[in-house]
Amino acid sequence: MLPPHGGTLVDRILPAERQEQALEEASKLPQLHVSDDLAKDIENIAFGAFSPLEGFLCQSEYESVLHEKRLTNDLPWTLPIVLDASKEDLKNMKAGDTVAILDPLKEPVALLDVEEIFPYKKEELAQEVFGTTDPAHPGVAKTYAMKDCLVGGKISLIRMSFDEFQKYRLSPIETRVLFKEKGWRTIVGFQTRNIPHIGHEYVQKTALTFVDGLFINPVIGKKKSGDFKDEVILAAYEALLRHYYLRDRTVMAVLRTEMRYAGPREAIFHAIVRKNFGCTHFVVGRDHAGVGKYYPPYAAQEIFDEFPDLGIVPLPFKSFFYCRKCESVVNEKICPHDSTQRIDFSGTDLRAKLIKGEPPPKELVRPEVAEVLLRSKDPFVE
Amino acid sequence: MEKRKTIEIPETLYDRVSARIKGTEFASVSDYVARVIRERLAVEENEKPSGYTKEEEEKVKQRLKALGYL
């Protein structure tokens, strides 16, 4: 099995016998309140999805990631995983302290050993990570809304959260054991934040043809307005898997993290996370993790050339479409016909049809998936 | 700017790489050498064992069975 990024799967979950004591401690320690997104990422760090990170980046790591796209030990790492705090938050804490991290429900999530508190420049962060300082970009807008300081240090998760997606929540050690039990040596990871159309199915099955197993790993977490809701994405995938996939060749589990819309940098990050889950290959589509027209369509594929030491093989795919003449799903690399023969997998058209209560064409969406979408009263994020 | 250190390679090899990278994406022999080393390291680092114990693996299998994955 491919080792995790950095060689060791991080485990920062407090042992059961320490949890009660940690909960008690948390009520007496200085407290830092975090968003739901950050609380999820604390769990990701704790169970090793973000290996080799053991906590939030300190200044030298932050600057290295920002400017070199690597950690200070030279390992590829493209997104700064940081914890922001206001001057008010920091009144009662300093480097060397242990603080309690609380989720939006004010429940203790983790303990943080504060190693460093440092200032940062939001415009620089936005420019380096998103390639723009345009506040219309959702990632930039979020960066500008962050608090003024960053706090670096290792975390210790007190206990895992529970949600309605529990049965889809597998940790990297669990997927690794699962893949081994299934006898898979090569596994392709498929990242998605969307309902499956036939183009996705085609990409997944084409990739699966060359490896032992397919790991479908939808991102569950905050998305932008107009995206499909998490429960709709999972129900649509369940319908697709039930009717059109070999179950002993496919595993679906969720990744609970927010979309950053950082395009190329996020594609590398997504690949690293899937490597930690045990994947050997990773599908990178057109405009992976993109938004609007901020990134060239294939920039997220080209960035992989910068990382010969990533340790996971990217599988770059062109955009697929349905060709009336070929009577199948094809792409520009394999279809000789002109664009008048094409039916594109347009998310905008699909949304428009669903809003009107019309089923999408069967060339684009499987009827069983369409049924799930039409049954859902309110399938989109507001 | 990334911090860099000097390493030595035979002059003939330097000249060979220098000629090879003309017109490619590599801006210097150093960039080429860094890439080759990183490629090699990735291969070597991918040969490590799993890092978890038999007991941990058994515990994980129980959960996977309970969830219906196994």
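Points to keep in mind about this one:
- The convex hull built on the alpha-carbon positions of the protein assembly as shown has an orientation-averaged projected area of 24.4 nm².
- Farthest towards the positive end of the charge dipole of chain B, among the residues B:23, B:46, B:69, is the Cα of B:69, using unit charges on the Cβ of Lys, Arg, Asp and Glu.
- Point-charge dipole on Cβ atoms (K/R +1, D/E -1) for the protein assembly as shown, about Cα centre, debye to 20: 1260
- Alpha carbon centroid spacing (whole Å) that separates the stretch B:21-41 from the stretch A:249-308: 24
- Quarter the surface of the alpha carbon convex hull of chain B and you get the mean projected area, 9.3 square nanometres.
- Taking the Cα centre of the stretch A:166-375 as origin and assigning +1 to Lys and Arg Cβ atoms and -1 to Asp and Glu Cβ atoms, the resulting dipole is close to 420 debye.
- Taking a straight line from the alpha carbon of residue A:356, these lysines sit under 20 Å away, with near neighbours fewer than eight places off in the same chain left out: A:229, A:377.
- Most mobile listed residue (A:317, A:307, A:162) in chain A, GNM with C-alpha springs under 10 Å: A:162
- Residue by residue along A:245-258, Cβ atoms of other protein chains within 10 Å of the local Cβ number 0 on average.
- Relative contact order for chain A, counting Cα pairs under 8 Å that sit 6 or more residues apart, in percent: 17
- Of A:147/A:318; A:293/B:5; A:182/B:54; A:224/A:325, those spanning more than 27 Å from alpha-carbon to alpha-carbon: A:147/A:318; A:293/B:5; A:224/A:325
- Averaged over B:41-48, number of beta-carbon atoms from partner chains that fall within 10 Å: 5
- Straight Cα distances below 27 angstrom link residue B:3 to the lysines A:69, A:121, A:122, A:154, B:22, with same-chain residues fewer than 8 positions distant left out.
- As a size descriptor, the averaged projected area of the C-alpha convex hull of the stretch A:166-375 was calculated at 11.8 nm².
- Residue mean of other protein chain beta carbons inside 10 Å, A:84-92: 0
- Relative exposure of A:186, A:175, judged by other C-beta atoms within 10 Å (fewest first): A:186, A:175
- The local environment of residue A:234, defined by Cβ-Cβ distances under 11 Å, has a net charge of -2 under the rule Lys, Arg +1 and Asp, Glu -1.
Coordinate-derived values only; no laboratory data. Everything quoted here is computed from the prediction, not taken from an experiment. Virtual Cβ from ideal backbone geometry, glycine too; neighbours counted across all protein chains shown.
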